[in-house]
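*Asks:* The structure's right below; bear with me while I get my questions together.
None of the figures in this text is laboratory data; all of them are computed from the coordinates on show. None of these values were measured; they are calculated from a predicted model. Cβ sites come from the backbone with ideal geometry, for glycine too, and all protein chains shown count toward neighbours.
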Amino acid sequence: MGNRNGKATKSEYTSPDQPARFAEHKRTNNVRVLDIDKVYDPSSLKGKRVLVTGANRGIGLSLATELVAVGAKVIGTCRTTSKELDALGVDQIIEGIDVTDNDVATKLVAALKPTGPVDVLINNAGYFMVEVETVESMNFEEEMKMIDICAVGPLRISAAVVNAGLLTPNAKIAMITSQGGSISWREVQNPDGCDYGHHMSKAAANMGGKLLAQELKSKGITVTMLHPGFNKTDMTKKYEHIWEVEGAVDASIGAKRVVQEIGLMNIENTGKFINCEDGLEIPW
Ligand SMILES: NC(=O)c1ccc[n+]([C@@H]2O[C@H](COP(=O)([O-])OP(=O)(O)OC[C@H]3O[C@@H](n4cnc5c(N)ncnc54)[C@H](OP(=O)(O)O)[C@@H]3O)[C@@H](O)[C@H]2O)c1
């Protein structure tokens with residue numbers, strides 16, 4: 001079992017109990033969690049071409065902002081751009097990229113080919129329905145939508161760039177999944193079940209990413225599943241009441257945590273599932 005530096009060590013897992021985890025991080029003054037700036041090293045991203053899906057708002061917009069700030073050449077894809085993304089000064093904005101479109105490769109490849117291959121692909125676009133799903137209130141249409149966007153979407157985008165030869169040698173694919181996709185953690189995080197479609201979609205995204213990691217290893221491409229931590233975005237607005245107890249951060253901090261972990265990705269540690277809050281592994 002290798003760690004994030006590719007050294008042979010035993011896996012170290014993060015804790016599933018989010019409020020207790022956050023309290024412990026404060027008690028022990030864990031700077032990796034509480035003050036990413038103290039350990040932050042984005043230097044390997046400088047000058048790299050990085051494609052971010054869902055770059056128009058939320059964590060995707062913050063990732064694009066942070067990557068521009070550290071000197072990366074950013075390609076932001078979105079369904080529709082935003083004034084915030086327009087104002088960033090990214091290298092390229094590709095609109096009309098809906099990750100549920102089976103023909104998305106045609107549009108994406110046509111726009112990317114003239115500008116060249118990317119060093120890092122960040123599959124960030126995602127969707128979490130607002131209502132809580134219980135066995136009484138299951139919404140099968142929404143379940144399929146979440147699975148389509150969060151699990152199949154990253155495969156459509158990844159396959160598009162791989163098959164068109166639009167990844168550089170030793171490229172990285174970061175799959176922004178979620179701790180919600182960890183089956184092992186459901187007993188602690190969902191003692192009463194719920195959120196079927198969303199958590200299924202992220203478990204499926206983890207599986208898709210793991211299989212991609214296996215298949216692309218021989219090409220030197222690293223694939224890592226990243227839980228971006230708890231971020232204050234439109235998606236988690238419904239959890240606003242627990243933001244402070246559970247350590248939710250502004251997406252600008254979440255973006256730095258993600259960039260930090262992308263910097264640590266290498267072929268020796270491909271296929272891992274990492275919590276960007278503390279840099280530790282999450283069990284499947
Ligand atoms: N926030 C958190 O605490 C948290 C925790 C764990 C994991 N995550 C994951 O982090 C990622 C970003 O989350 P967020 O909090 O930034 O969410 P968000 O604020 O809701 O933003 C979601 C992004 O995904 C895009 N998107 C949705 N459906 C799409 C589609 N069919 N095709 C293309 N783009 C689509 C949205 O674009 P539109 O504007 O066009 O809808 C938007 O850019 C997601 O994968 C999410 O599951 C977030």
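*Asks:* When the helices in the chain are scored as -39500 (n - 2.57) per DSSP H run of 4 or longer and the sum is shared across all residues, what 222 nm value do you end up with, to the nearest 500 deg cm²/dmol?
*Replies:* Roughly -10000 deg cm²/dmol at 222 nm, from the helical runs in the chain.
*Asks:* Please work out the FRET efficiency for the pair PHE140 and SER82, using the Cβ-Cβ distance as r and a Förster radius of 22 Å; give the result to the nearest 0.05.
*Replies:* 0.10
*Asks:* May I pose another question? For the chain, modelled as a Gaussian network with Cα springs under 10 Å, which listed residue fluctuates most, GLY54, GLY209, GLY263?
*Replies:* Highest fluctuation of the listed residues: GLY263.
*Asks:* Quantify how much of the Cα-Cα distance distribution of the chain extends past 22 Å, in percent.
*Replies:* Across the chain, Cα pairs with separations above 22 Å total 55 percent.
*Asks:* With a 10 Å cut-off between alpha carbons and a GNM built on the chain, which of PRO114, PRO228, PRO169 moves the most?
*Replies:* It is PRO114.
*Asks:* Quick one: what are the phi-derived ³J(HN,Hα) couplings along the stretch 209-220, Karplus 6.51/-1.76/1.60 with θ = phi - 60°, whole Hz, x for glycine and proline?
*Replies:* Once rounded to whole Hz, the list reads x, 5, 5, 4, 4, 5, 6, 8, 4, 5, 8, x.
*Asks:* State, as an integer percentage, the relative contact order of the stretch 163-284 based on alpha-carbon contacts under 8 Å between residues 6 or more apart.
*Replies:* 32 percent.
*Asks:* Over the stretch 64-114, what is the relative contact order in percent, taking alpha-carbon pairs closer than 8 angstrom and at least six residues apart?
*Replies:* Normalised by residue count, the contact order of the stretch 64-114 is 31 percent.
*Asks:* Once you sort the root eigenvalues of the Cα gyration tensor of the stretch 77-120 as a ≥ b ≥ c, which label holds: rounded (a/c under 1.5), prolate (a/b larger than b/c) or oblate (the other case)?
*Replies:* Oblate.
*Asks:* Give me the compactness ratio for the stretch 137-279, meaning the Cα radius of gyration over 2.2 N^0.38 Å.
*Replies:* Taking N as the residue count of the stretch 137-279, the ratio is 1.08.
*Asks:* Here is a follow-up. Pop out the ³J(HN,Hα) list for the stretch 227-237 in order, Karplus 6.51 cos²θ - 1.76 cosθ + 1.60 with θ = phi - 60°, rounded to Hz; leave Gly and Pro as x.
*Replies:* Values per residue, Gly and Pro as x: 7, x, x, 8, 10, 7, 10, 3, 4, 9, 3 Hz.
*Asks:* Compute the separation of the alpha-carbon centres of the stretch 205-230 and the stretch 65-143 and state it in Å as a whole number.
*Replies:* 18 Å
*Asks:* Using a cut-off of 23 Å between alpha-carbon atoms, which lysines can reach LYS172, once sequence neighbours fewer than 8 places away in the same chain are excluded?
*Replies:* Result set, ordered by chain and number: LYS7, LYS46, LYS48, LYS73, LYS107, LYS113, LYS202, LYS210, LYS217, LYS219, LYS256, LYS272.
*Asks:* How large is ³J(HN,Hα), in whole Hz, for each residue of the stretch 254-264 in order, when computed from phi with the Karplus curve 6.51 cos²θ - 1.76 cosθ + 1.60 and θ = phi - 60°, using x for Gly and Pro?
*Replies:* x, 5, 5, 4, 5, 4, 4, 6, 5, x, 8
*Asks:* Here's something else I'd like to know. If I take every Cα pair under 8 Å that is 6 or more residues apart in the chain, average their sequence separation and divide by the length, what percent do I get for the relative contact order?
*Replies:* 23 percent
*Asks:* Let me ask you something else. Loop only per DSSP, at most 12 neighbouring Cβ atoms within 10 Å: give me the GluC sites (Glu not before Pro) in the stretch 177-276, ordered by residue number.
*Replies:* Filter output for the stretch 177-276: GLU244.
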